[in-house]
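Okay, structure first, notes after.
Each reported figure results from applying straightforward, stated rules to the coordinates on display, with no laboratory input. Everything numeric in this text was worked out from a predicted model, so none of it was measured. Quick reminder, even Gly has a Cβ in these numbers, built from the backbone with ideal geometry, and neighbours come from all protein chains shown.
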C-alpha cells in the first residue's frame, strides 16, 4: 500500500459530490481536498436506515483513509426512505419518473450519514441527520419535464433540492442540510472533537 506523506494536517472529502464540496466551503473550509471513494454501496447491508447511513458513510471514508497517514477524512452518504424502502439514485429515466410519481403529494424521509476518520490517531466518529420532505401534488407533465432535464438521475431520490426541483417541494421538516448531503451541525461538532474549530481555524 502506497501512502501519501504529509508535512501538515489535511482534510479530505471522500466524495466527488459538488453539493458536499459546496457545503464544506459554506462553513469555512477552504483548504480541503477531494478524493473519490471507490467503495461500492450495499443498500441491503442492514435494515435500520440511520445505521445504514452511518455504515455507508464510514465505509466510503475508510476506502479513502488508507491512502493518508495524517489526515481527517470526511465521508457522507445520502438516501431516501419511502414506504419502508431505501431509495438511492435512479437507475434510469423510467425509474426516476416512477420515484417522483410515488413522492407526488406525499412525504418521504431523507437521511444523510456522516463519518470522520483521523488517520493518525485512528479515531472514528459517525453520526447522521435527517428530514422529512413533502412534495406538492405533481402533474405527469411536470414529472416528465423535470426528469427530462436529467439532473435528478445523479441524485438520491431522483431530484435535486438545490437545483430545479425546488419548485416541486411543499415543505421540509428537519435538518435542511441533510437533504442537501451533509448534516452541517453534526459535522461541526465532529470536527471539534478532532481538534478542528471552524471558527478558530486551528488544526
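Structure values in brief
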item	result
The chain: relative contact order as a whole-number percent, Cα under 8 Å and 6+ apart	21
Which label in (1) 1.00; (2) 1.07; (3) 0.95 gives the computed Rg/Rh (Cα atoms, Kirkwood Rh)	(1)
Structure-based [θ]222 nm, the chain - -39500 (n - 2.57) summed over DSSP H runs of at least 4, per residue, nearest 500	-9000 deg cm²/dmol
Listed peptides 161-167, 117-123, 39-45 by packing density, highest first (mean Cβ within 10 Å)	117-123, 161-167, 39-45
Residues 127, 95 arranged by fewest to most Cβ contacts within 10 Å	95, 127
nm² value of the averaged projected area, convex hull over the Cα atoms of segment 8-116	7.9
